[in-house]
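Here is the structure we will look at, set down as structure tokens.
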Amino acid sequence: MPDISLTMILLLCAASLAAGWVDAVVGGGGLLLLPAMLLGLPAGTPAAYALGTNKAVAIVGTTGAAVTYARKTPVDVRLAVRIGLAALAGSTAGAFVAAGLSTDVLKPVVMVVLLAVGTFVILRPAFGTAPPTTPVSARRVLAAIGLAGLGIGFYDGLIGPGTGTFLVLALTALLHLDLVTASATAKIVNCCTNAGALATFAWKGTVFWQLAALMALFNLAGGTVGARTALKQGSGFVRAVLLTVVFALVANMAYQQWLA
């Protein structure tokens, strides 16, 4: 357990609760949790410990959200796992590339893509609000495995922020899912990528397990409540949260790129 004050532990638990809720609804919980970890751990703590502890916390909340969704909404678990395994491979490749590449070059591109996505969702009010009326073709399934799996998985390993949000958007567009079902599917994919990342951090010994266990309880509560909120409120509510998270991601990346 790192040497941090009780007040900071409580703040980290509160951030974990909020991050679990946001992540369950539409992804992007790391936008809250990882910065909180970086600020909350003692000065001089290697960033790898924040990343590793963050993954140990997040996987619990993500799993809780995935289980809640699976019980209440129809999810193609087999397809989600196939996409998740592709994302696991993609994120591993992205992590290797990240070791020798400056991600600052890519961040402006990601911001432009996010802004374009946000604009598209605003201009298309019906996007992700209705379930599919026709079966999804095999070509679209392969595209989902390639783009939402390998592509976004690679991005997760290379840069990371907003991976869950990108997954929701890609799954909605490619598989014609409503936003609630896309969020449910994204949680299963996230479980796969988080498991791979956590295994790597655990092998390197860069996880504060006691702190992670405490924060994970709050993240699990937030994730479970967030999934239930999304199921109860429907796709319109998820759409509103999605837009909020997209523009928050853009603001966060812009700050890190040019002001930090």
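Just a few scattered comments:
- Just so you know, in the stretch 1-52 the residues that are among the polar types (S, T, N, Q) and more than 30 Å from L243 (Cβ to Cβ) include one that is surrounded by the most Cβ atoms within 10 Å (Cβ to Cβ), and it is T45.
- Residues of the stretch 221-238 that turn out to be in a helix (DSSP H, G or I) and surrounded by fewer than 22 Cβ atoms within 10 Å (Cβ to Cβ), as a count: 10
- Neighbours by Cβ (under 7 Å, 6+ apart or cross-chain): first from the stretch 212-240, charged (D, E, K, R); second assigned to a helix (DSSP H, G or I): R228/T68; R239/V121; R239/L179
- Every residue from the stretch 159-180 that is open to solvent by less than 20 Å² (accessible area, probe 1.4 Å) and part of a helix (DSSP H, G or I): T163, G164, T165, L167, V168, L169, A170, L171, T172, L175, L179, V180
Rundown of residues vs (1) over 21 Å from R239 (Cα atoms); (2) modelled with pLDDT under 80; (3) part of a helix (DSSP H, G or I), yes/no style:
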residue: R82; (1), (2), (3): yes, no, yes
residue: A93; (1), (2), (3): yes, no, yes
residue: L101; (1), (2), (3): yes, yes, no
residue: V109; (1), (2), (3): yes, yes, yes
residue: P132; (1), (2), (3): no, yes, no
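- Inspection of the stretch 53-70 finds a residue satisfying the criterion of being within 20 Å of the chain's Cα centre (by Cα), touching a residue at least 24 places away in the same chain (Cβ under 8 Å), in a helix (DSSP H, G or I) and over 25 Å from R228 (Cβ atoms).
Residue-wise test of (1) touching a Lys or Arg at 6+ places or on another chain (Cβ under 7 Å); (2) farther than 26 Å from K232 by Cβ.
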residue: L171; (1), (2): no, no
residue: D178; (1), (2): no, no
residue: S183; (1), (2): no, no
residue: N194; (1), (2): yes, no
residue: A197; (1), (2): yes, yes
residue: Q210; (1), (2): no, yes
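- Looking across the stretch 117-128 at every residue that is under 22 Å from the mean Cα position of the chain (by Cα) and open to solvent by 60 Å² or more (accessible area, probe 1.4 Å), the one that is modelled with the lowest pLDDT is identified as F120.
The values are calculated or read from the model by the stated rules, or taken from the named source; none is laboratory data. Predicted model only: the values in this text are computed from it and were never measured. For neighbour counting, all protein chains shown are included, and Cβ atoms are generated from backbone atoms with ideal geometry for every residue, glycine included. Surface areas here come from the heavy atoms of the whole protein model, side chains and all, with no ligands, DNA or RNA. Shrake-Rupley method; radii C 1.70, N 1.55, O 1.52, S 1.80 Å.
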